[in-house]
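Here is the structure we will look at.
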Amino acid sequence: MTMMTRLLTLLALVLTLPLAPRVAMAQAGNYTPVITVNGLGITDYEIDQREKFLKLLGTPQSTREDAEKALIEDRLRMWAGKQLGMKMNDEALTRGMAEFASRGKLSTEQFITLLGQNGIDPNTFRDFVSAGVIWREVVRARFAPLINVTSAEVDRAMMPESQTGKGVKVLISEAIIPAPPGQEAAAMAQARELSAAKGDGAFAALARKYSAAPTRDRGGRLEWMPIDKLPAQLRGPVLALKPGNATGPIQLNGAVAVFMLRAIGDGDAPSAPQDLSYMTLNLGASGSAQAAKLAAQAAADARVCNQLYTVAKGLPETAITLHAKVAQSEIPTDEALALAQLDPGETQILKRGGSDVLVMLCARNVADTKDAPAPDRKQVRASLEDQALGAYATGYLADLEAEAVIVRK
């Protein structure tokens, strides 16, 4: 896996937790806020720095508008921490910085050097980690008492890891709701409707109404699928369901997803963990002539991944990315879900905020797991708790934004 792929994967994991920047102080009063969020300012300097940071990590959402959106959300997170009297301490900040950098296979010092080489102030990184740690504490303080993962849920989540010789297959439905800048609260409200749906019919009607996934016209229904082909991040939430029930809202990149379990059954013996090689191509704004033209060109001319470079000719270098031999567990959830439905050479288009992103599977390979420890019940329980907290955090952030006083100057 390339360093840039690791950094992009890291960003996706951090956003899912979620982890985001704190308020950076304007240096020596030289910068005037251009946006205020509940009285907390955002300067031009911070927006420029965030845009550079996003571009370095290779995320498709790396425009100035994306940077503004991210910083607005950061201020909301910081404001929530302030209401609870939370403050950052140096030890937690140092630990958080080291954790973030290590997921990109870098030390803290190496990551800061990389930032400096790309014109990014080290304080951007420090601020990013600081608010992320505070946000985690906010979410835990508010919602951890509401979460009760039962032993039965742990048992079901561990089923694919069992050595019974039988695998598990699931019949699920999906709804992927785009959440472009400014529409996150509306998307979350729609996702909550889907989460409350009982039964396949009710879910299908809402999926046809709200979903932007290719499965929309068939009510979000997917075919039977081995559980080990699902993204690792979804296996626990799906297996914890009873047929006819749906997950809580799950935050993706520029979208919110909900899944309903329709049935569960015995499948073939579980396959070995896989590494996936795939490509992503940012086609441009959803509904634009450019996106439609590039999608049609890819469908007509690209049968293997290398042919996507021809389709991408003339686009910015950051528009196309090769993700080589990435572990299933490290792939962003929306990409992993699309890849689970593809054979090598096939594509699917994701709706990410206001952009269309084409995903093509290049190859599946058996991962080398001889040194990987098997998960235990404590790890599985912690993972299920984190997933539940993530769903609460997504909804809480949407509520904060809906109630916030945001002023652009």
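Which condition breaks for Gly265 when tested against (1) farther than 17 Å from Val357 by Cβ; (2) more than 22 Å from the chain's Cα centre (by Cα); (3) modelled with pLDDT of 90 or more?
Unmet for Gly265, out of (1) farther than 17 Å from Val357 by Cβ; (2) more than 22 Å from the chain's Cα centre (by Cα); (3) modelled with pLDDT of 90 or more: (3).
So Leu241 clears everything in (1) in a loop (DSSP other than H, G, I, E, B); (2) of a type outside the set (Phe, Trp, Tyr); (3) touching a strand residue (DSSP E or B) at 6+ places or on another chain (Cβ under 7 Å); (4) at pLDDT 90 or above except one condition, right? Which one?
The one condition Leu241 does not meet is (4).
Yes/no per residue for (1) farther than 18 Å from Asn123 by Cα; (2) free of Cβ contacts under 8 Å to residues at least 12 places away in the same chain:
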| residue | (1), (2) |
| --- | --- |
| Gln49 | no, no |
| Leu56 | no, no |
| Glu65 | yes, no |
| Ile72 | no, no |
| Lys82 | yes, yes |
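Looking only at strands (runs of 3 or more DSSP E) that lie completely in the range 310-409, which have at least 2 residues being closer than 30 Å to Tyr31 by Cβ and outside the structural domain of Met225 (by TED's automatic domain parsing)?
Once the strands (runs of 3 or more DSSP E) in the range 310-409 are filtered for at least 2 residues that are closer than 30 Å to Tyr31 by Cβ and outside the structural domain of Met225 (by TED's automatic domain parsing), what remains is 406-408.
Within the range 352-362, is there a residue that is among the polar types (S, T, N, Q) and surrounded by fewer than 20 Cβ atoms within 10 Å (Cβ to Cβ)?
Applying the first criterion (among the polar types (S, T, N, Q)) to the range 352-362 yields 355.
Applying the additional criterion that residues be surrounded by fewer than 20 Cβ atoms within 10 Å (Cβ to Cβ) yields none.
Within the range 352-362, none of the residues are among the polar types (S, T, N, Q) and surrounded by fewer than 20 Cβ atoms within 10 Å (Cβ to Cβ).
In the set Ala295, Ala240, Ala205, Ala289, which member is aliphatic (A, V, I, L, M), farther than 25 Å from Leu384 by Cβ and in contact with an Asp or Glu (Cβ under 9 Å, 6 or more places away or on another chain)?
The conditions single out Ala295.
Which of the residues spanning the range 101-117 are of a type in the set (S, T, N, Q) and modelled with pLDDT under 90?
Ser102
Filter the range 373-398 for residues that are surrounded by 13 or more Cβ atoms within 10 Å (Cβ to Cβ) and of a type in the set (Asp, Glu); which is nearest to Gln233 (Cα to Cα)?
This residue is Asp386.
Take the residues in the range 287-312 that are among the β-branched types (Val, Ile, Thr) and loosely packed, with under 14 Cβ neighbours inside 10 Å; name whichever of them is nearest to Thr347 (Cα to Cα).
Looking at the filtered set, the residue picked out is Val304.
Are any of the residues in the range 221-234 of a type in the set (S, T, N, Q) and crowded, with 19+ Cβ neighbours inside 10 Å?
For the range 221-234, residues of a type in the set (S, T, N, Q) and crowded, with 19+ Cβ neighbours inside 10 Å: present.
The values are calculated or read from the model by the stated rules, or taken from the named source; none is laboratory data. Owing to the predicted nature of the structure, the values given are computational and were not obtained by experimental measurement. Because the Cβ atoms are built from the backbone with ideal geometry, glycine has one as well, and the counts that use them run over all protein chains shown.
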